[in-house]
Amino acid sequence: MIDKFIDKLLLILRDLRSSRAWLSIFRRSNLPRTEADYLAMNRRNFWVHVLPAKINRRSVKFSYNWMWMGVVTFWLFIILVLSGVFLMFYYVPSIERAFDSVLAIVNAVSFGRFMRNLHKWAGELMILAAFLHMMAVFFKGAYQEPREFNWIIGVLLLLITIFFGFSGYILPWDQLGYYAAAIAANIADGTPFIGKFVKSILLGGGQLDQPTLLRWYVIHVFILPTALLLLLGVHFWRIRKDGYSVPAPPEEDE
Ligand code: HEM
(Lines give C-alpha, C1' and ligand atoms only; values in the text may rest on other atoms or scores of the structure.)
Protein backbone atom coordinates (compact mmCIF):
# COMPACT_ATOMS: atom_id res chain seq x y z
CA MET A 1 0.00 0.00 0.00
CA ILE A 2 2.68 2.50 1.11
CA ASP A 3 4.89 1.44 -1.83
CA LYS A 4 2.08 2.17 -4.25
CA PHE A 5 1.60 5.59 -2.63
CA ILE A 6 5.33 6.43 -2.87
CA ASP A 7 5.48 5.22 -6.48
CA LYS A 8 2.52 7.45 -7.31
CA LEU A 9 4.12 10.39 -5.52
CA LEU A 10 7.43 9.93 -7.36
CA LEU A 11 5.54 9.74 -10.65
CA ILE A 12 3.73 13.00 -9.91
CA LEU A 13 7.02 14.71 -8.94
CA ARG A 14 8.72 13.45 -12.12
CA ASP A 15 5.85 14.72 -14.26
CA LEU A 16 5.93 18.06 -12.38
CA ARG A 17 9.69 18.44 -12.99
CA SER A 18 9.22 18.10 -16.74
CA SER A 19 6.00 20.17 -16.83
CA ARG A 20 6.04 23.54 -18.71
CA ALA A 21 5.01 25.40 -15.54
CA TRP A 22 8.00 24.05 -13.59
CA LEU A 23 10.50 24.47 -16.43
CA SER A 24 9.31 28.05 -17.00
CA ILE A 25 10.43 28.89 -13.42
CA PHE A 26 13.94 28.05 -14.58
CA ARG A 27 13.45 29.61 -18.06
CA ARG A 28 14.15 26.28 -19.69
CA SER A 29 12.42 24.30 -22.44
CA ASN A 30 13.78 20.99 -21.17
CA LEU A 31 15.58 19.43 -18.20
CA PRO A 32 19.34 20.16 -18.05
CA ARG A 33 21.36 17.06 -19.02
CA THR A 34 24.87 18.16 -20.01
CA GLU A 35 27.35 20.40 -18.19
CA ALA A 36 26.71 23.06 -20.82
CA ASP A 37 22.98 22.89 -19.97
CA TYR A 38 23.72 23.46 -16.26
CA LEU A 39 26.07 26.37 -17.03
CA ALA A 40 23.42 27.95 -19.32
CA MET A 41 20.75 27.48 -16.65
CA ASN A 42 23.05 29.07 -14.08
CA ARG A 43 23.59 32.13 -16.30
CA ARG A 44 19.96 32.60 -17.29
CA ASN A 45 18.14 31.93 -14.07
CA PHE A 46 17.57 34.39 -11.15
CA TRP A 47 17.04 31.60 -8.55
CA VAL A 48 20.23 29.66 -9.28
CA HIS A 49 22.57 32.39 -10.51
CA VAL A 50 23.55 33.27 -6.94
CA LEU A 51 25.10 29.79 -6.76
CA PRO A 52 28.48 29.37 -8.47
CA ALA A 53 28.35 27.29 -11.69
CA LYS A 54 31.49 25.53 -10.53
CA ILE A 55 33.28 25.50 -7.18
CA ASN A 56 36.54 23.91 -6.11
CA ARG A 57 36.02 20.70 -4.10
CA ARG A 58 38.54 21.91 -1.49
CA SER A 59 36.60 25.20 -1.00
CA VAL A 60 33.54 23.39 0.28
CA LYS A 61 35.43 21.48 2.97
CA PHE A 62 33.65 21.93 6.32
CA SER A 63 36.93 22.52 8.18
CA TYR A 64 38.14 25.11 5.66
CA ASN A 65 34.97 27.24 6.17
CA TRP A 66 34.75 26.97 9.94
CA MET A 67 31.37 25.29 9.66
CA TRP A 68 30.11 27.75 7.06
CA MET A 69 29.67 30.53 9.64
CA GLY A 70 28.52 32.97 6.94
CA VAL A 71 25.64 30.65 6.10
CA VAL A 72 24.87 30.16 9.83
CA THR A 73 24.78 33.96 10.28
CA PHE A 74 22.42 34.29 7.31
CA TRP A 75 19.97 31.68 8.69
CA LEU A 76 20.06 33.27 12.15
CA PHE A 77 18.98 36.51 10.41
CA ILE A 78 16.05 34.66 8.76
CA ILE A 79 15.01 33.29 12.20
CA LEU A 80 15.21 36.86 13.56
CA VAL A 81 12.99 38.20 10.79
CA LEU A 82 10.33 35.49 11.25
CA SER A 83 10.26 35.68 15.07
CA GLY A 84 10.44 39.51 14.85
CA VAL A 85 7.36 39.69 12.63
CA PHE A 86 5.53 37.50 15.17
CA LEU A 87 6.52 39.89 18.01
CA MET A 88 5.42 42.94 15.96
CA PHE A 89 1.83 41.71 16.14
CA TYR A 90 1.86 42.18 19.95
CA TYR A 91 4.58 44.71 20.78
CA VAL A 92 3.36 48.30 21.21
CA PRO A 93 6.04 51.00 20.56
CA SER A 94 4.62 53.44 23.14
CA ILE A 95 6.40 54.55 26.33
CA GLU A 96 3.24 53.82 28.38
CA ARG A 97 2.58 50.36 26.97
CA ALA A 98 5.89 48.95 25.58
CA PHE A 99 6.97 47.16 28.77
CA ASP A 100 3.46 45.81 29.46
CA SER A 101 3.18 44.54 25.89
CA VAL A 102 6.48 42.63 26.32
CA LEU A 103 5.18 41.18 29.62
CA ALA A 104 1.96 40.20 27.81
CA ILE A 105 3.98 38.50 25.03
CA VAL A 106 5.92 36.49 27.63
CA ASN A 107 3.00 35.64 29.95
CA ALA A 108 -0.22 35.74 27.91
CA VAL A 109 0.45 35.19 24.19
CA SER A 110 0.60 31.54 22.99
CA PHE A 111 4.23 30.75 22.05
CA GLY A 112 5.02 34.36 23.07
CA ARG A 113 7.73 33.43 25.59
CA PHE A 114 9.27 30.95 23.11
CA MET A 115 9.27 33.48 20.23
CA ARG A 116 10.68 36.27 22.38
CA ASN A 117 13.47 34.03 23.71
CA LEU A 118 14.12 32.69 20.19
CA HIS A 119 14.41 36.27 18.92
CA LYS A 120 16.68 37.28 21.81
CA TRP A 121 19.02 34.27 21.49
CA ALA A 122 19.12 34.36 17.68
CA GLY A 123 20.18 38.02 17.99
CA GLU A 124 23.00 37.21 20.41
CA LEU A 125 24.11 34.17 18.36
CA MET A 126 24.04 36.19 15.09
CA ILE A 127 26.59 38.65 16.52
CA LEU A 128 28.78 35.71 17.65
CA ALA A 129 28.39 33.87 14.31
CA ALA A 130 29.19 37.01 12.25
CA PHE A 131 32.31 37.52 14.40
CA LEU A 132 33.40 33.88 13.96
CA HIS A 133 32.73 34.19 10.22
CA MET A 134 34.98 37.26 10.12
CA MET A 135 37.68 35.28 12.00
CA ALA A 136 37.28 32.42 9.49
CA VAL A 137 37.65 34.79 6.54
CA PHE A 138 40.68 36.43 8.20
CA PHE A 139 42.52 33.18 8.97
CA LYS A 140 41.74 31.87 5.46
CA GLY A 141 43.27 35.05 4.09
CA ALA A 142 40.06 35.50 2.10
CA TYR A 143 40.22 39.29 2.60
CA GLN A 144 43.06 39.52 0.07
CA GLU A 145 42.72 40.45 -3.57
CA PRO A 146 40.07 40.48 -5.13
CA ARG A 147 37.97 40.31 -1.93
CA GLU A 148 39.07 43.53 -0.19
CA PHE A 149 35.77 45.27 -1.06
CA ASN A 150 33.76 42.31 0.23
CA TRP A 151 35.71 42.43 3.49
CA ILE A 152 34.65 46.10 3.90
CA ILE A 153 31.03 45.15 3.14
CA GLY A 154 31.44 42.44 5.75
CA VAL A 155 32.62 44.94 8.37
CA LEU A 156 29.53 47.06 7.67
CA LEU A 157 27.37 43.92 8.03
CA LEU A 158 28.99 43.17 11.40
CA LEU A 159 28.36 46.76 12.62
CA ILE A 160 24.71 46.54 11.54
CA THR A 161 24.36 43.18 13.34
CA ILE A 162 25.76 44.69 16.55
CA PHE A 163 23.49 47.75 16.16
CA PHE A 164 20.53 45.38 15.72
CA GLY A 165 21.32 43.94 19.15
CA PHE A 166 21.63 47.38 20.71
CA SER A 167 18.43 48.85 19.19
CA GLY A 168 16.46 45.72 20.16
CA TYR A 169 17.73 46.06 23.72
CA ILE A 170 16.03 49.51 23.98
CA LEU A 171 12.55 48.45 22.79
CA PRO A 172 11.13 46.91 26.04
CA TRP A 173 11.66 50.46 27.46
CA ASP A 174 12.46 49.03 30.90
CA GLN A 175 15.25 50.52 33.06
CA LEU A 176 17.92 48.89 30.86
CA GLY A 177 16.32 50.10 27.63
CA TYR A 178 15.65 53.61 28.89
CA TYR A 179 19.24 54.18 30.07
CA ALA A 180 20.69 52.49 26.97
CA ALA A 181 18.80 55.09 24.88
CA ALA A 182 20.16 57.85 27.16
CA ILE A 183 23.72 56.57 26.80
CA ALA A 184 23.35 56.32 23.01
CA ALA A 185 22.10 59.93 22.83
CA ASN A 186 25.00 61.16 24.99
CA ILE A 187 27.58 59.20 22.98
CA ALA A 188 26.10 60.67 19.79
CA ASP A 189 26.27 64.13 21.40
CA GLY A 190 30.02 63.68 21.73
CA THR A 191 30.48 63.27 17.96
CA PRO A 192 32.52 66.21 16.58
CA PHE A 193 30.59 68.78 14.47
CA ILE A 194 27.35 66.75 14.08
CA GLY A 195 26.89 65.65 17.70
CA LYS A 196 23.95 67.90 18.55
CA PHE A 197 22.23 67.03 15.27
CA VAL A 198 22.60 63.24 15.70
CA LYS A 199 21.46 63.48 19.32
CA SER A 200 18.30 65.40 18.33
CA ILE A 201 17.62 62.77 15.60
CA LEU A 202 17.91 59.93 18.13
CA LEU A 203 15.89 61.69 20.85
CA GLY A 204 13.30 63.15 18.50
CA GLY A 205 13.18 66.20 20.77
CA GLY A 206 14.98 67.68 23.76
CA GLN A 207 14.68 64.64 26.06
CA LEU A 208 13.95 60.91 26.20
CA ASP A 209 10.25 60.56 25.37
CA GLN A 210 7.76 58.86 23.01
CA PRO A 211 9.54 59.99 19.80
CA THR A 212 12.79 58.42 21.11
CA LEU A 213 11.25 54.97 21.48
CA LEU A 214 9.46 55.28 18.11
CA ARG A 215 12.71 56.20 16.36
CA TRP A 216 14.60 53.20 17.83
CA TYR A 217 11.63 51.03 16.81
CA VAL A 218 11.81 52.26 13.16
CA ILE A 219 15.61 51.82 13.22
CA HIS A 220 15.18 48.22 14.49
CA VAL A 221 12.32 47.01 12.29
CA PHE A 222 12.91 48.97 9.06
CA ILE A 223 16.20 50.90 8.65
CA LEU A 224 18.61 48.16 9.84
CA PRO A 225 16.86 45.22 8.06
CA THR A 226 16.76 47.20 4.79
CA ALA A 227 20.43 48.20 5.08
CA LEU A 228 21.42 44.61 5.97
CA LEU A 229 19.46 43.09 3.07
CA LEU A 230 20.95 45.57 0.56
CA LEU A 231 24.51 44.92 1.81
CA LEU A 232 23.91 41.16 1.88
CA GLY A 233 22.85 41.35 -1.78
CA VAL A 234 26.17 43.06 -2.58
CA HIS A 235 28.03 40.56 -0.30
CA PHE A 236 26.60 37.50 -2.06
CA TRP A 237 27.02 39.06 -5.49
CA ARG A 238 30.71 39.72 -4.74
CA ILE A 239 31.22 36.17 -3.43
CA ARG A 240 29.81 35.00 -6.73
CA LYS A 241 31.86 37.40 -8.90
CA ASP A 242 35.15 37.13 -6.91
CA GLY A 243 34.80 33.35 -6.87
CA TYR A 244 35.00 31.50 -3.57
CA SER A 245 38.51 31.36 -2.07
CA VAL A 246 40.38 28.09 -2.53
CA PRO A 247 42.71 26.63 0.13
CA ALA A 248 46.29 25.87 -0.87
CA PRO A 249 46.64 22.30 -2.21
CA PRO A 250 47.80 19.81 0.47
CA GLU A 251 51.61 19.38 0.43
CA GLU A 252 52.85 16.13 -1.07
CA ASP A 253 54.72 13.92 1.44
CA GLU A 254 58.45 13.82 0.55
C1 HEM B 1 25.42 39.57 8.62
C2 HEM B 1 26.64 39.17 8.54
C3 HEM B 1 27.20 38.27 7.42
C4 HEM B 1 26.58 37.34 6.64
C5 HEM B 1 25.12 36.88 6.67
C6 HEM B 1 27.60 36.80 5.72
C7 HEM B 1 27.38 35.77 4.80
C8 HEM B 1 28.38 35.18 4.04
C9 HEM B 1 28.23 33.91 3.32
C10 HEM B 1 26.95 33.06 3.29
C11 HEM B 1 29.44 33.63 2.73
C12 HEM B 1 29.82 32.40 1.88
C13 HEM B 1 29.87 31.15 2.75
C14 HEM B 1 30.75 31.22 3.99
O15 HEM B 1 31.93 31.58 3.86
O16 HEM B 1 30.25 30.86 5.06
C17 HEM B 1 30.32 34.74 3.03
C18 HEM B 1 31.61 34.87 2.53
C19 HEM B 1 32.43 35.96 2.81
N20 HEM B 1 32.23 36.89 3.82
FE21 HEM B 1 30.53 37.17 4.85
N22 HEM B 1 28.80 37.43 5.94
C23 HEM B 1 28.61 38.32 6.99
C24 HEM B 1 29.57 39.11 7.57
C25 HEM B 1 30.88 39.18 7.11
C26 HEM B 1 31.95 39.88 7.82
C27 HEM B 1 31.78 40.54 9.19
C28 HEM B 1 33.08 39.79 7.01
C29 HEM B 1 34.46 40.37 7.23
C30 HEM B 1 34.68 41.47 7.91
C31 HEM B 1 32.70 39.02 5.82
C32 HEM B 1 33.56 38.75 4.74
C33 HEM B 1 33.31 37.75 3.82
C34 HEM B 1 34.25 37.37 2.74
C35 HEM B 1 35.55 38.08 2.38
C36 HEM B 1 33.69 36.24 2.12
C37 HEM B 1 34.28 35.43 0.94
C38 HEM B 1 34.98 34.25 1.58
C39 HEM B 1 35.69 33.35 0.60
O40 HEM B 1 35.67 33.59 -0.62
O41 HEM B 1 36.28 32.39 1.11
N42 HEM B 1 31.38 38.63 5.93
N43 HEM B 1 29.66 35.65 3.85
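Observations, loosely collected:
- The Rg/Rh ratio of segment 80-183, with Rg taken over Cα atoms and Rh as the Kirkwood radius over Cα pairs, comes to 1.11.
- When only alpha carbons of the chain are considered, Rg and Dmax amount to 23.8, 77 Å.
- The mean sequence distance of close C-alpha pairs (under 8 Å, at least 6 residues apart), as a share of the length of the chain, puts its relative contact order at 19 percent.
- Highest mean packing first, where packing is the average number of other Cβ atoms within 10 Å per residue, the peptides 3-10, 35-42 line up as 35-42, 3-10.
- Karplus-derived HN-Hα couplings along segment 9-23 (A = 6.51, B = -1.76, C = 1.60, θ = phi - 60°), whole Hz, x at Gly and Pro: 4, 4, 4, 4, 4, 5, 5, 4, 4, 9, 6, 4, 4, 5, 4
- The simple Förster model, with R0 at 30 Å and r as the Cβ-Cβ distance, assigns residue 14 and residue 244 a FRET efficiency of 0.40.
- Computed in the context of the full set of protein chains, the accessible area of segment 162-254 at 1.4 Å probe radius has 68% of its extent on carbon or sulfur.
- Its DSSP H runs of at least 4 residues, each contributing -39,500 (n - 2.57), put the calculated 222 nm mean residue ellipticity of the chain at -21500 deg cm²/dmol, to the nearest 500.
- Here the gap between residue 196 and residue 210, fully extended at 0.36 nm per residue and compared with their Cα-Cα distance, gives a gain of 3.1 nm.
- Point-charge dipole on Cβ atoms (K/R +1, D/E -1) for the chain, about Cα centre, debye to 20: 1040 debye
- Model label points for residue 5 and residue 35, set 7 angstrom from Cα along the Cα-to-Cβ axis, are 4.3 nm apart.
- J(HN,Hα) series, segment 215-229, from Karplus relation 6.51 cos²θ - 1.76 cosθ + 1.60, nearest Hz, glycine and proline x: 5, 5, 5, 5, 4, 6, 9, 10, 5, 5, x, 5, 4, 5, 5
- Sequentially through segment 102-119, phi angles give Karplus couplings (6.51, -1.76, 1.60; θ = phi - 60°) of 5, 4, 5, 4, 6, 9, 10, 7, 4, 6, x, 5, 4, 5, 5, 5, 4, 5 Hz, Gly and Pro residues having no value and appearing as x.
The values are calculated or read from the model by the stated rules, or taken from the named source; none is laboratory data. Every value quoted in this text rests on a predicted model; they were computed, and no experiment measured them. Cβ sites come from the backbone with ideal geometry, for glycine too, and all protein chains shown count toward neighbours. For accessibility, only protein heavy atoms count, side chains too; no ligands or nucleic acids. Shrake-Rupley method; radii C 1.70, N 1.55, O 1.52, S 1.80 Å.
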